[in-house]
Amino acid sequence: MTSTADPAEQLAEQLSATTLLRFATAGSVDDGKSTLVGRLLHDSKSVLADQLEAVEHASRSRGQNAPDLALLTDGLRAEREQGITIDVAYRYFATPRRRFILADTPGHVQYTRNMVTGASTAELTVILVDARNGVVEQTRRHAAIAALLRVPHVVLAVNKMDLVGYEESVFAAIAEEFTAYASELGVPEITAIPISALAGDNVVDASATMDWYGGPTFLEHLETVPVSHDLTVPLPSAGGTPSLARFPVQYVIRPQTAEHPDYRGYAGQIAAGTFRVGESVTVLPSGRTSTIAGIDLLGTPVDVAWTPQSATLLLADDIDISRGDIIVPSGDAPATTQDVEATVCHVADQPLTVGQRVLLKHTTRTVKAIVKDIPSRLTLDDLSQHPAPGQLVANDIGRVRVRTAEPLALDAYADSRRTGSFLLIDPADGTTLAAGMAGESFASEAAPVQDDEGWDF
């Protein structure tokens, strides 16, 4: 009997069984982030035998009786010598229920930019707290960064419960304090889990010593939390409705062969939403309109494609389209602008100053720009704004106003993390200066509006 199901629906059904979750870990120094990651990899059988043997050998050479699972992620020599995480360590593993990309980020204040890098693409952030110390300054800083980056799910992992006698009251007090703070920042979902990474309690297997906790284990939560790019679920927008659709063009395909003499396809990765054959679309920044005549996916014609698939769109009309243009539904086209107001995380050693000429990279489009103003710098400790700092240095987070040489179809970061983000680049050597998020920093804040006279592009 021949199946009549749509091939795209069949593909979605097959892939949705093993959806991908990107998550990042954060926390203060010595809260046990790397140990938690190592325990997670070890207990989920995601460590190769030779890797475990190398860790056991390194642990013995340091006089430790048991394997130091933190060494599975602390790969740099300086990290192992100091027992800390410096760089962002990415690990890939899978269970029968889901695939994972994990970013183990450093806890030191001077490596805040590394935490921003690791969490920028995460659907979930794990913030560790030492049960003995409770919520500290760095905990609040990382919660603020998660809120700033609009990470939809935050897990509070109260670690080292074994060192406080597995007391429920200790966990409850920390969870209450953190939840109240994170809720004020606008974090949409907070899940608190008591764990002991060293002993393995509630990491992969349920703890026998914390029978008062009835929630999921750490891995269970990772396997079941809904993610924004599940192939059968539309991306949620700020209002909770099905999201906008965005297709940045990466490459124009023109074979001009005897087999395909008139083929003109626009290739790229769908950044948000869904595109269907027959849909009316607008090309930005030109504003020209057309209709989707066909969609090719992995060399096969399909009727529908969705984020984060890489596809080729064919339009009914011959339009001048090149790399950097964005194809959007005609009924949901964003306004183009040359004036960008945003929050940026400065990641370079050299400062960002008013009047500095930069390159702004938004999706696949890179344009010349100039920093017109730096109205304020955010102090993450208490979320206060330091007005008119004049410049931003490494690890600073601040508001900027940038004028671009060409118009951009920029969404608010609150609506789309992919098409609301951008990079500022040094045109001299290509160094990434800052990562930007268009629109407001937090839900309660509004960006100041100032005069743009004197622009000299």
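Determine whether residue 268 is modelled with pLDDT of 95 or more and not hydroxyl-bearing (Ser, Thr, Tyr).
Numbers: modelled with pLDDT of 95 or more: yes; not hydroxyl-bearing (Ser, Thr, Tyr): yes.
Judged against the criteria, residue 268 is a match.
Of the residues making up segment 352-385, those that are of a type in the set (S, T, N, Q) and touching a strand residue (DSSP E or B) at 6+ places or on another chain (Cβ under 7 Å) are 353, 356, 363, 364, 366, 376, 379, 385. Of the residues making up segment 373-396, those that are of a type in the set (A, V, I, L, M, F, W, C), under 24 Å from the mean Cα position of the chain (by Cα) and in a strand (DSSP E or B) are 378, 392. Cβ-Cβ contacts under 7 Å between residues 6 or more apart (or on different chains), taken from a first residue in segment 191-208 that is closer than 14 Å to residue 157 by Cα and charged (D, E, K, R) to a second residue that is outside any strand (DSSP E or B) and open to solvent by less than 10 Å² (accessible area, probe 1.4 Å), are listed as 201/161; 201/195; 201/210. Condition check: modelled with pLDDT of 80 or more and closer than 30 Å to residue 396 by Cβ. Does residue 109 satisfy that? When the stated conditions are applied, residue 109 does not pass them.
Pairs meeting the criteria (first residue in segment 367-389 and aliphatic (A, V, I, L, M), second residue open to solvent by 20 Å² or more (accessible area, probe 1.4 Å) and assigned to a strand (DSSP E or B), beta carbons under 6 Å, at least 6 apart or on different chains) are 367/405; 367/406; 370/357; 370/403. Reported count of residues in segment 315-337, each being buried (at least 17 other Cβ atoms within 10 Å of the Cβ) and over 25 Å from the mean Cα position of the chain (by Cα), is 2.
Under the condition of being open to solvent by 60 Å² or more (accessible area, probe 1.4 Å), assigned to a strand (DSSP E or B) and not charged (D, E, K, R), the residues counted in segment 281-303 number 4. All of (1) within 18 Å of residue 441 (Cα to Cα); (2) of a type outside the set (Phe, Trp, Tyr); (3) at pLDDT below 95 hold for residue 394 with one exception: (1). Residues that are assigned to a loop (DSSP other than H, G, I, E, B) and under 16 Å from residue 328 (Cα atoms) within segment 397-416 comprise 409, 410, 411, 412, 415, 416, listed in sequence order. Cβ-Cβ distances below 9 Å connect the following pairs, each with a first residue in segment 242-265 that is more than 17 Å from residue 321 (Cα to Cα), a second residue that is of a type in the set (Lys, Arg), and a separation of six or more residues or different chains: 260/254. Among the residues making up segment 346-380, those that are under 15 Å from residue 398 (Cβ atoms), open to solvent by 30 Å² or more (accessible area, probe 1.4 Å) and either β-branched (Val, Ile, Thr) or touching an Asp or Glu at 6+ places or on another chain (Cβ under 6 Å) (or both) are 347, 353, 354, 377, 379. Of the residues making up segment 174-195, those that are open to solvent by 30 Å² or more (accessible area, probe 1.4 Å), touching a strand residue (DSSP E or B) at 6+ places or on another chain (Cβ under 6 Å) and not β-branched (Val, Ile, Thr) number 1. Residue count for segment 300-334, restricted to those that are in contact (Cβ under 8 Å) with a residue 40 or more places away in the chain and either hydrophobic (A, V, I, L, M, F, W, C) or at positive phi (or both): 14.
The values are calculated or read from the model by the stated rules, or taken from the named source; none is laboratory data. Here the structure is a predicted model, which is why all the values come from computation and not from measurement. Virtual Cβ from ideal backbone geometry, glycine too; neighbours counted across all protein chains shown. We work out accessible area using only protein heavy atoms, side chains counted, and drop any ligands, DNA or RNA first. Shrake-Rupley method; radii C 1.70, N 1.55, O 1.52, S 1.80 Å.
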